[in-house]
Amino acid sequence: QVVNYAPFTLLPSAVPSALFEQAYAVQQDFNLLVDAISQNKEFLEHTLASTIKVDDFTARLFRIHMQVLEEGLAQSVFLGINRSDYMFDCGVDGTPALKQIEINTIAASFGGLTSRTAAVHGQVLKVLGKSEEASRLLPNNPSKGLALGIAKAWELYGSQSAVVMFLVEEVQRNIFDQRCVENELWNRNIRVIRKRFRDVFEKGSLDDAKRLYVDGQEVAVVYYREGYVPKNYDQQNWEARLLLERSRAVKCPDIATQLAGTKKVQQELSRPGTLERLLPGRTEAVARIRATFAGLYSLDMGEEGDKIAATAIADPDRFVLKPQREGGGNNLYGEELREVLEKIRDSPERTSYILMDKIKPQPAMNYLLRAHSPLQVSECISELGIFGVYVRQGKEMVMNKAAGHLLRTKAIEHADGGVAAGVAVLDTPYLV
């Protein structure tokens with residue numbers, strides 16, 4: 001009742017190697033893009049203007065962002081750990097294409113557990129007498145890559161005695177995933193503490209130089225594994241978040257980078273000319289990024305929004321309706337999408353959502369192994385995530401890399417949801 005195993009597929013899943021390589025090749029571009037957005041106050045202000053009128057959570061994050069900018073940023077080292085998620089869309093002609101679902105800029109999880117998954121699948125294949133196939137599974141260790149980024153930020157902060165603080169939820173089901181990253185840091189003699197928002201509120205303070213102390217310990221890096229959905233906050237937690245943002249400590253992510261990961265920003269990026277403005281002079285990077293975009297549509301008030309809303313109501317199976325939320329299990333499909341859109345089609349509330357083309361991947365058969373679930377073969381689809389890590393000091397990019405991958409697989413009857421949401425399970429790509 002206390003612990004059970006992380007869910008996984010019995011067998012690794014086939015992934016087209018060309019698309020796998022494409023996803024890796026574009027990750028450094030996405031790191032640069034997220035970082036550029038986080039530094040562009042005008043872009044965030046303009047893009048989120050309609051959303052913050054109707055979405056209180058995004059509005060509160062945005063207010064903290066503006067307050068910190070007005071006071072002047074105390075933070076000079078910036079650490080980004082993100083995960084860009086893709087599906088393989090089998091278009092009209094059946095050729096699979098890599099299409100981005102979203103980019104997660106806060107608490108991107110499973111870098112730890114997925115570091116262990118290839119070994120499990122290697123073992124299964126050997127037991128099945130497939131040692132040749134087992135030898136073809138790629139090694140994958142995102143927890144090491146994530147820890148390298150955190151360690152670099154800690155080092156640049158410049159205080160040997162300062163600690164790394166994992167900001168965690170009250171009840172942490174996914175603790176072992178975090179422990180993998182934590183142990184990598186301890187192995188480098190970097191002290192790690194685990195605290196909740198409540199601890200920061202009760203025991204956190206800033207000195208005159210805006211150094212952050214929690215429980216008497218100086219904090220060099222704050223690594224958020226919580227704080228991405230409204231239910232993570234009460235009044236005290238909002239105050240704790242403001243205290244953290246005002247500090248000199250390296251936040252992963254700082255609040256501007258969290259805002260860069262909103263669905264509204266994702267939709268704005270697909271508009272012609274936007275990428276060029278954010279990444280001037282980087283034509284090749286822009287082309288690589290744009291090649292991964294699925295159709296994204298704005299529901300802002302006005303003719304364009306009216307038109308796309310009407311199209312989606314008429315043909316809901318073509319689209320996914322996405323609110324500004326992280327953590328899986330929030331998207332709307334089919335009949336539910338139609339009902340919600342009909343209800344909000346004439347109200348400004350619709351601007352808190354974006355519409356996206358529904359991606360149609362090719363299903364494959366696999367067994368999903370979950371505690372207390374019946375064992376049966378299911379038709380499954382997979383989602384590939386690539387972890388990205390970057391560190392910037394002032395204006396200089398000190399580190400920018402892809403740090404490993406995550407494959408999650410779910411039965412096709414589940415439209416939405418990640419591993420933590422109890423729908424998808426951990427998997428390993430078998431390149432074909």
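The values are calculated or read from the model by the stated rules, or taken from the named source; none is laboratory data. Since we're looking at a predicted model, the values are computed, not measured. Cβ coordinates were reconstructed from backbone atoms using ideal geometry, including for glycine residues, and neighbour counts include every protein chain displayed. To get the accessible areas, we keep the full protein, side chains included, count just its heavy atoms, and leave off ligands, DNA and RNA. Shrake-Rupley method; radii C 1.70, N 1.55, O 1.52, S 1.80 Å.
Is the shape of the stretch 112-203 best called rounded, prolate or oblate, per the rule: a/c under 1.5 gives rounded, else a/b larger than b/c gives prolate, else oblate, with a ≥ b ≥ c the square roots of the Cα gyration tensor eigenvalues?
It is oblate, given that a/c is not under 1.5 and a/b is not larger than b/c.
For the chain, the alpha-carbon radius of gyration amounts to 0.97 times the rule-of-thumb value 2.2 N^0.38 Å expected for a compact globular protein.
In this simple spin-label model, placing a label point 7 Å from the Cα along the Cα-to-Cβ direction at both ALA291 and MET397 gives a separation of 1.8 nm.
So, R0 is 25 Å and r is the distance between the beta-carbons of GLU132 and LEU10; what FRET efficiency does that work out to, to 0.05? Calculated value: 0.85.
For the stretch 336-391, report the % of Cα-Cα distances exceeding 12 Å. Percent of Cα pairs beyond 12 Å in the stretch 336-391: 80.
A Förster radius of 41 Å combined with the Cβ-Cβ distance from ASP234 to GLN376 puts the calculated FRET efficiency at roughly 0.50.
Please find, in a Gaussian network model of the chain (springs between Cα atoms separated by less than 10 Å), the residue of ASP215, ASP357, ASP85 whose mean-square fluctuation is greatest. In the Gaussian network model the winner is ASP215. Cross-link partners for LYS251 among the lysines, with Cα-Cα distance under 24 Å and sequence neighbours closer than 8 places in the same chain left out: LYS41, LYS144, LYS152, LYS195, LYS203, LYS210, LYS231, LYS263, LYS264, LYS395, LYS401. Compared with the direct C-alpha span, the chain from VAL92 to PHE176 gains 26.1 nm at full extension, assuming 0.36 nm per residue.
Taking 7 Å steps out from each Cα toward its Cβ at GLU202 and HIS414 produces label points 3.5 nm apart.
Taking only protein heavy atoms and a 1.4 Å probe, the accessible area of the chain is 50% carbon and sulfur.
Give me the 1.4 Å probe accessible area per residue for the chain, excluding ligands and nucleic acids, in Å².
43 Å²
Can you work out the FRET efficiency for the pair SER159 and LEU73, with r the C-beta to C-beta distance and R0 = 30 Å, to the nearest 0.05?
Efficiency, from the Cβ-Cβ distance: 0.95.
GLU71 contributes about 80 Å² of solvent-accessible surface, heavy atoms of the protein only, 1.4 Å probe.
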